[in-house]
1. Compute the signed sum of charges (Lys and Arg +1, Asp and Glu -1) over the other residues within less than 15 Å, Cβ to Cβ, of residue 61.
2. To make sure I understand, if each residue's beta carbon is the centre and we count other beta carbons within 10 Å, what order do 2, 86, 40, 96 fall in, fewest to most?
3. Please enumerate, by chain and number, the lysines with C-alpha under 19 Å from the C-alpha of residue 16, excluding those fewer than 8 residues away in the same chain.
4. Can you tell me which of 34, 97, 44 moves the most in a GNM of the chain? Springs connect C-alpha atoms under 10 Å apart.
5. In region 12-121, with Lys and Arg counted as +1 and Asp and Glu as -1 at Cβ, which of these residues, 71, 33, 98, has the Cα nearest the positive end of the dipole, that is, farthest along it?
6. For 35, 100, 19, what's the fewest-to-most ordering of other Cβ within 10 Å of each Cβ?
7. Round to the nearest 0.05 the FRET efficiency obtained for residue 84 and residue 37 when R0 = 30 Å and r is the Cβ-Cβ distance.
8. For a footprinting-style exposure proxy, rank 22, 63 by other Cβ within 10 Å, fewest first.
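None of the figures in this text is laboratory data; all of them are computed from the coordinates on show. Keep in mind it's a predicted model, so treat the numbers as computed, not measured. Counting neighbours? That spans all protein chains shown, and the Cβs are built from the backbone with ideal geometry, glycine included.
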Amino acid sequence: MKSKLYTMLMPILKVKDLDAEVAFYLSLGFELSYDDEGFKAIQYGDSIEFGLSRKADVNIEEVSRHFTWQIAVNSVQTILDICREKNLEVVQDLKKYTYDFGDIYTITVKSPNGYDVVFEGDL
């Protein structure tokens, strides 16, 4: 049997306000897995890990035109409830998409640095 060459995708997002972005993800239930000056790693279980790097001159509007940050979840409603409880900015409320295989729901939340974070999954 051939071994698995690629093991995980670990993107790094550039942000102006590193502390605010970390607090945003922690409020959604993620954990801080690495903490260094100017760089933090965020994790959820074994399936999600990404970095946040401080960059004072990052143009989020430009980045957002070419990049969609989407996270699959078991319950979009639970994420929506957390967002309301934590006063996170929901920019697209619950939306339903119907496919041959069933219904998928999404919401879009604005991170403190301006990234649109799409949560997708079952209701």
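1. Spelling it out: positives minus negatives among the neighbours equals +2.
2. Final ranking by Cβ density, sparse to dense: 2, 96, 86, 40.
3. Qualifying lysines at Cα under 19 Å: 40, 55, 110.
4. Comparing 34, 97, 44 in a Gaussian network model of the chain, the most mobile one is 97.
5. Of the options given, the answer is 98.
6. Values: 35 9, 100 4, 19 12.
So the residues, fewest neighbours to most, are 100, 35, 19.
7. 0.35
8. Numbers: 22 19, 63 15.
The most exposed by this proxy come first: 63, 22.
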